[in-house]
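The values are calculated or read from the model by the stated rules, or taken from the named source; none is laboratory data. Computed from a prediction, not measured in an experiment: that's the story for all the values here. Backbone-built Cβ (ideal geometry, glycine too); neighbour counts: all protein chains shown.
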Amino acid sequence: MTTIYILWLRQLKRYSRSKARIIGSLGQPLLFLIALGFGMGPIYQKAKGGNYIDFLAPGVMAMGIIFTGTFSGIEIIWDRQFGFLKETLVAPTSRVSIMLGRTLGGATIATCQGLIILCISFIAGFRPHYSLLIPVSLVFIFLIALLFTALGTAIASLMEDFHGFQLIINFLIMPLFFLSGALFPLEGLPKPFKIITTINPLSYGIDGLRHTLINAHHFGMFTDLVVLCSITIIILIIGSYLFSKIQL
């Protein structure tokens with residue numbers, strides 16, 4: 001437990017030192033929020049969908065979370081290249097504890113990133129329908145962050161090349177994001193897209209955020225929680241196993 005706490009704290013310190021990284025990771029979500037939110041808003045309203053900013057904000061929050069979470073895995077490759085990982089792995093503690101500490105640190109950072117985007121969304125005009133459910137939305141924010149940080153750690157445990165990691169993450173994350181219902185409603189989709197969104201774990205995270213923030217849902221809160229928790233546990237187990245097999 002002490003190892004997990006120390007590595008969690010170390011991840012937070014490393015990220016807090018890089019102001020450029022914090023600001024840079026907000027760029028793409030803000031672009032989507034402003035360009036799509038105000039550009040597609042009138043069309044969405046004409047289709048009787050309501051306020052598109054309200055609909056879009058949970059998806060943009062998830063976007064910031066998953067990119068911050070998955071790309072935290074690149075630090076494993078960085079530490080391996082420069083020998084810092086070896087110093088950590090030779091410590092008299094289990095590799096599972098090391099992996100969990102790093103993952104929790106990355107997930108905490110990704111959660112903070114999501115909260116920053118939520119605050120910026122208020123400035124853009126987003127208004128939650130039930131303020132009392134905002135604390136519940138934090139559960140979904142953290143679960144999304146934990147899932148995709150563990151995924152990034154698992155992938156990074158198999159790789160030694162920065163560029164290869166970035167290519168694989170973009171190849172994996174972009175389809176997951178665009179086919180999760182982050183930008184469009186899940187109702188009335190063609191059957192192939194309906195199947196894809198149903199097996200996409202991010203769909204349940206965004207659906208849970210929409211349920212708690214704007215009282216709009218597709219699967220239901222209980223289903224969202226069960227699926228998200230189950231997949232997070234599976235990815236954590238896989239990531240722990242792959243991290244334990246790293247060869248130095």
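Restricting region 156-181 to residues that are over 13 Å from the mean Cα position of the chain (by Cα) and not in a helix (DSSP H, G or I) leaves a set whose member that is nearest to THR103 (Cα to Cα) is SER157.
Condition check for ILE206 on (1) surrounded by fewer than 24 Cβ atoms within 10 Å (Cβ to Cβ); (2) in contact with a helix residue (DSSP H, G or I) (Cβ under 9 Å, 6 or more places away or on another chain); (3) modelled with pLDDT of 85 or more: one failure, at (1). Only residues that are free of Cβ contacts under 8 Å to residues at least 24 places away in the same chain and more than 21 Å from ALA216 (Cα to Cα) were counted across region 104-122, and they come to 1.
Residue-wise test of (1) under 24 Å from SER94 (Cβ atoms); (2) among the basic types (Lys, Arg); (3) surrounded by fewer than 21 Cβ atoms within 10 Å (Cβ to Cβ).
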position	(1), (2), (3)
ALA216	no, no, yes
VAL226	no, no, yes
CYS229	yes, no, yes
PHE243	yes, no, no
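Here is a yes/no grid of residues against (1) touching a helix residue (DSSP H, G or I) at 6+ places or on another chain (Cβ under 6 Å); (2) surrounded by fewer than 19 Cβ atoms within 10 Å (Cβ to Cβ); (3) in a helix (DSSP H, G or I):
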| residue | (1), (2), (3) |
| --- | --- |
| LEU133 | yes, yes, yes |
| VAL136 | yes, yes, yes |
| ALA150 | yes, no, yes |
| ALA154 | yes, no, yes |
| GLU187 | no, yes, no |
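Please specify each residue of region 103-115 satisfying the condition of being aliphatic (A, V, I, L, M) and buried (at least 19 other Cβ atoms within 10 Å of the Cβ).
Residues satisfying the conditions are LEU104, ALA107, ILE109, ALA110.
Do we have THR88 as under 22 Å from GLY239 (Cβ atoms), at pLDDT 80 or above and among the β-branched types (Val, Ile, Thr) here? When the stated conditions are applied, THR88 does not pass them. Scan region 219-248 for residues that are assigned to a helix (DSSP H, G or I) and free of Cβ contacts under 8 Å to residues at least 12 places away in the same chain and the total you get is 7.
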